Amino acid sequence: MKIYESGENYLETILMLEKRRGVVRSIDVATELGFSKPSVSVAMKHFRENGYIVMDAEGYITLTSAGREIAERIYERHQLLTKYLIALGVDAQVAQEDACKLEHDLSAESFERLRAHYEEHLAPLVNAVES
């Protein structure tokens, strides 16, 4: 099944909330994304039916391996693209926003080339500044 940008954003948000809080409920996702609870409930039903999440009796959301794979891929892209843009001198807030747009549409080949370039040329500079 093809998952679209909005679905990737939901799954990435679940992952980020899980990392930050340990547990995730629909209301947490709604609050984080600024969406209505009914909209998030419809999305969570869709993700359950398609095997991307499971939800326990108390309403806690857990990513399945399929959901986690998508979420981690998007999260990794977001993190690297944000760092890349900041290293190029882009304002941190603008870099975050632009990374969110780029993370969904960039081909795997282009992303791998950007990652390799960042790790070879920019990461050493960033690490030196942070030290």
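The values are calculated or read from the model by the stated rules, or taken from the named source; none is laboratory data. Bear in mind the structure is a predicted one, so any value in this text is a computation, not a measurement. Don't worry about glycine lacking a Cβ; one is built from the backbone with ideal geometry, like all the others, and counts go over all protein chains shown. SASA here: full protein model, heavy atoms, side chains in, ligands and nucleic acids out. Shrake-Rupley method; radii C 1.70, N 1.55, O 1.52, S 1.80 Å.
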Residues (open to solvent by 40 Å² or more (accessible area, probe 1.4 Å) and at pLDDT below 95) located in the range 98-109: C100, K101, L102, D105, L106, S107, A108
Residues that are open to solvent by 50 Å² or more (accessible area, probe 1.4 Å), among the charged types (D, E, K, R) and either at pLDDT 95 or above or not in a helix (DSSP H, G or I) (or both), drawn from the range 77-96: D91
Is it the case that some residue within the range 38-53 is among the acidic types (D, E), within 14 Å of the chain's Cα centre (by Cα) and over 30 Å from L125 (Cβ atoms)? no
Say we look at the range 48-73 and pick out the residues that are in a helix (DSSP H, G or I) and either touching an Asp or Glu at 6+ places or on another chain (Cβ under 7 Å) or among the β-branched types (V, I, T) (or both); which of these is surrounded by the most Cβ atoms within 10 Å (Cβ to Cβ)? A71
Can you pull out the residues in the range 23-36 that are closer than 15 Å to E58 by Cβ and open to solvent by 50 Å² or more (accessible area, probe 1.4 Å)? V23, R25, I27
